[in-house]
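Input: a single structure, listed below in structure tokens.
The values are calculated or read from the model by the stated rules, or taken from the named source; none is laboratory data. All values reported here derive from a predicted model rather than from experimental measurement. Neighbour counts are summed over all protein chains in view; Cβ atoms, including those assigned to glycine, are modelled from backbone coordinates with ideal geometry.
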Amino acid sequence: MVPVRNRAGRGALAIAIAPFGRGGRVAGLAALARIRPGAYARSRNFLDGAVSRLSPYLRHGMLSLAEVRDAALRVRSRPEVDTFVRELAWRDYYVRVRAALGDTVWNDLEAYKTGEPATAYAENVPDDVAAGATGAACIDGFVRDLVDTGYVHNHARMWFASYVVHHRRTRWQAGASFYLRHLLDGDPASNNLSWQWVASTFSHKPYFFNRANLERYTRGTYCATCPLARAGCPFEAPYDALAARLFPNGQRAVETVVTPDLRVPADAAPPAPDVTDGAIVWQHEESLSRDDPARTLARGDAVFVWDDEARARDPWSDARTAFVREALDELDLAAIVAGDAIEEVGRFARARGATTIVAVTPVDPRLRDVAAGLARSFDVVLVPPEPFARLDRSVDLRRFSRYWARAERSAFPHVRPLELGIETG
Ligand SMILES: Cc1cc2nc3c(=O)[nH]c(=O)nc-3n(C[C@H](O)[C@H](O)[C@H](O)COP(=O)(O)OP(=O)(O)OC[C@H]3O[C@@H](n4cnc5c(N)ncnc54)[C@H](O)[C@@H]3O)c2cc1C
């Protein structure tokens with residue numbers, strides 16, 4: 001393996017040790033062997049519930065949604081495992097929406113249903129929130145989790161997003177950017193669309209919560225020590241009183257936003273690409289497994305590029321960089337380079353006399369641009385990732401329920417033979 005070369009001369013990539021757990025497929029499979037899908041449905045909303053913590057592995061293609069689903073179905077059958085598989089499906093859904101919209105996921109997809117126009121929301125996350133210094137033990141604790149570990153439980157993400165958008169009247173985009181800078185699983189698909197769901201720009205109504213809800217699912221951990229106490233708690237109220245305070249103009253849209261067309265065609269049958277010997281493989285940030293479909297198809301040398309443009313637009317924390325770097329260590333790559341991805345992958349292919357470049361079909365628009373740029377000089381073969389579900393008809397992706405109505409049946413296939421020893425949950 002070639003060491004990281006930083007052509008821009010910005011010095012070696014300084015990497016901190018990720019506190020989450022190692023990156024890479026080996027660690028991902030170990031985490032997969034510990035999932036407890038049987039306990040998931042009844043406990044997942046509790047901060048100490050049986051959640052999998054697999055999201056960073058899924059985000060970077062170290063594991064696939066299909067293999068996680070299959071692993072769950074080997075230890076528990078339906079309907080016990082349905083809730084877990086349905087949550088996996090949310091990722092599949094959001095990735096499909098992102099693939100359809102590209103960077104439009106940064107726009108309000110619908111109007112806020114908060115009785116306020118978009119202009120009523122502040123541009124930036126307030127300093128005390130970003131510093132974890134609001135005085136509310138829960139909110140400050142969630143910021144500490146985010147910054148220190150790169151992982152936040154789903155319920156805490158919802159509470160935090162709701163606080164930022166509805167209590168502090170801040171644009172969801174600002175909160176989403178703040179999250180993407182720190183999350184190990186940071187992904188504009190699940191992240192932006194979840195922030196929009198909380199904000200109500202991709203849902204029917206705003207999400208908000210009260211102290212009793214938070215106290216229950218955190219088992220009182222934060223409330224017991226909170227300096228604000230009940231009297232100063234911004235969440236201490238019955239729901240109707242909170243709604244009146246947060247949305248004085250009612251929960252309705254006061255402006256019009258035209259939702260982009262989200263009707264997508266049925267999934268095409270997977271192509272059977274024919275790759276000649278000597279093709280090289282471009283492994284990108286969505287496909288960091290030695291077993292991914294591109295590596296399986298083409299046996300030639302593989303390259304990864306730390307893409308300057310992508311990281312300038314979407315900077316990662318040191319912990320995230322370390323997590324990805326640990327995955328790269330397992331990939332037996334012929335080169336890891338830093339620079340412009342089109343130039344570097346092209347240079348790598350030319351040096352080997354290759355005319356064909358194989359990669360997993362990317363979702364991120366920047367990675368798609370790289371593939372398109374390479375296609376000007378090479379045969380680029382894009383291989384779809386292993387499918388989680390198959391849409392047999394055209395679907396309007398404006399709501400998860402519409403997607404799930406078409407996807408659910410195919411999301412529960414016959415399970416592959418046992419490959420992993422998994423504890424029952
Ligand atoms: C404001 C906000 C921001 C978020 N940002 C991201 C993000 O950047 N990246 C990301 O992967 N997820 C994001 N999520 C979704 C969800 O919170 C995480 O996927 C989940 O908490 C990861 O923890 P886990 O692996 O233990 O999940 P589990 O509960 O064990 O679920 C298993 C897997 O299913 C998928 N999943 C579960 N719930 C969801 C969901 N609601 N939406 C989408 N996929 C889901 C994830 O891939 C997850 O790893 C966000 C949610 C909110 C409310």
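Is there a residue being under 17 Å from Asp145 (Cα atoms), crowded, with 21+ Cβ neighbours inside 10 Å and hydroxyl-bearing (Ser, Thr, Tyr) anywhere in the range 187-205? It would help to see each step written out before you state the result.
Initially, the range 187-205 is screened for residues under 17 Å from Asp145 (Cα atoms), giving 191.
Going one step further and asking which of them are crowded, with 21+ Cβ neighbours inside 10 Å, we end up with 191.
When the remaining residues are screened for being hydroxyl-bearing (Ser, Thr, Tyr), the result is none.
No, the range 187-205 has no match at all.
Going residue by residue through the range 349-357, is there one that turns out to be surrounded by 23 or more Cβ atoms within 10 Å (Cβ to Cβ), aliphatic (A, V, I, L, M) and within 14 Å of Arg290 (Cβ to Cβ)? Show your work before the answer.
Taking the range 349-357 first, the residues surrounded by 23 or more Cβ atoms within 10 Å (Cβ to Cβ) are 349, 357.
Adding the requirement that they be aliphatic (A, V, I, L, M) leaves 349, 357.
From what's left, within 14 Å of Arg290 (Cβ to Cβ): none.
No, there is no match, as no residue in the range 349-357 is surrounded by 23 or more Cβ atoms within 10 Å (Cβ to Cβ), aliphatic (A, V, I, L, M) and within 14 Å of Arg290 (Cβ to Cβ).
Name the residue, out of Thr119, Thr83, Thr149, Thr114, that is under 30 Å from Pro260 (Cα atoms), among the hydroxyl-bearing types (Ser, Thr, Tyr) and touching a Pro at 6+ places or on another chain (Cβ under 7 Å). Just one listed residue meets the conditions, Thr114.
In this structure, Arg22 qualifies as within 16 Å of the ligand (Cβ to nearest atom), under 20 Å from Asp329 (Cα atoms) and at pLDDT below 95. Scanning the range 160-180 for residues that are near the ligand (Cβ under 9 Å from one of its atoms) and of a type in the set (Phe, Trp, Tyr) gives Phe160, Trp172, Tyr179. Residues in the range 224-267 that are farther than 20 Å from Val198 by Cα, without any contact (Cβ under 8 Å) to a residue 40 or more places away in the chain and part of a loop (DSSP other than H, G, I, E, B): Asp261 only.
Number of residues in the range 181-196 that are closer than 21 Å to Asp318 by Cα, more than 7 Å from the ligand (Cβ to nearest atom) and either among the acidic types (Asp, Glu) or more than 10 Å from the chain's Cα centre (by Cα) (or both) equals 2. When the residues of the range 115-126 are filtered to those that are of a type outside the set (S, T, N, Q) and not in a loop (DSSP other than H, G, I, E, B), the one that is nearest to Ala310 (Cα to Cα) is Ala122. Every condition in (1) more than 15 Å from the ligand (Cβ to nearest atom); (2) among the β-branched types (Val, Ile, Thr); (3) in contact with a helix residue (DSSP H, G or I) (Cβ under 8 Å, 6 or more places away or on another chain) holds for Val125 except the one numbered (1).
Might you check whether a residue that is within 16 Å of the ligand (Cβ to nearest atom) and surrounded by 20 or more Cβ atoms within 10 Å (Cβ to Cβ) occurs anywhere in the range 262-285? Let's see the steps before the verdict.
Step one: filter the range 262-285 for residues within 16 Å of the ligand (Cβ to nearest atom), giving 285.
Imposing the further condition that a residue be surrounded by 20 or more Cβ atoms within 10 Å (Cβ to Cβ) reduces the set to 285.
There is at least one residue in the range 262-285 that is within 16 Å of the ligand (Cβ to nearest atom) and surrounded by 20 or more Cβ atoms within 10 Å (Cβ to Cβ).
Tell me which of these Ala120 doesn't satisfy, since it passes every other one: (1) free of Cβ contacts under 8 Å to residues at least 40 places away in the same chain; (2) surrounded by fewer than 17 Cβ atoms within 10 Å (Cβ to Cβ); (3) over 20 Å from the mean Cα position of the chain (by Cα). Among (1) free of Cβ contacts under 8 Å to residues at least 40 places away in the same chain; (2) surrounded by fewer than 17 Cβ atoms within 10 Å (Cβ to Cβ); (3) over 20 Å from the mean Cα position of the chain (by Cα), Ala120 violates only (1). A count restricted to the range 279-301 and to residues that are part of a helix (DSSP H, G or I) and of a type in the set (Ser, Thr, Tyr) stands at 1.
Can you pull out the residues in the range 361-401 that are in a helix (DSSP H, G or I) and over 30 Å from Ala279 (Cβ atoms)?
The initial filter retains those residues of the range 361-401 that are in a helix (DSSP H, G or I), namely 365-375, 400-401.
Listed by number, the residues that qualify are Phe400, Ser401.
Please go through the range 86-108 and give me each residue that is away from the ligand (no atom under 15 Å from the Cβ) and surrounded by 17 or more Cβ atoms within 10 Å (Cβ to Cβ), ordered by number. Passing the criteria: Leu101, Asp108. Annotation: of all residues in the range 50-77 being among the β-branched types (Val, Ile, Thr) and modelled with pLDDT of 95 or more, the one that is nearest to the ligand (Cβ to nearest atom) is Val51.
The set of residues in the range 173-193 that are assigned to a helix (DSSP H, G or I) and in contact with a Lys or Arg (Cβ under 7 Å, 6 or more places away or on another chain) contains only Ser190.
For the range 114-136, filtering for residues that are farther than 12 Å from Phe160 by Cα and hydrophobic (A, V, I, L, M, F, W, C) leaves 5.
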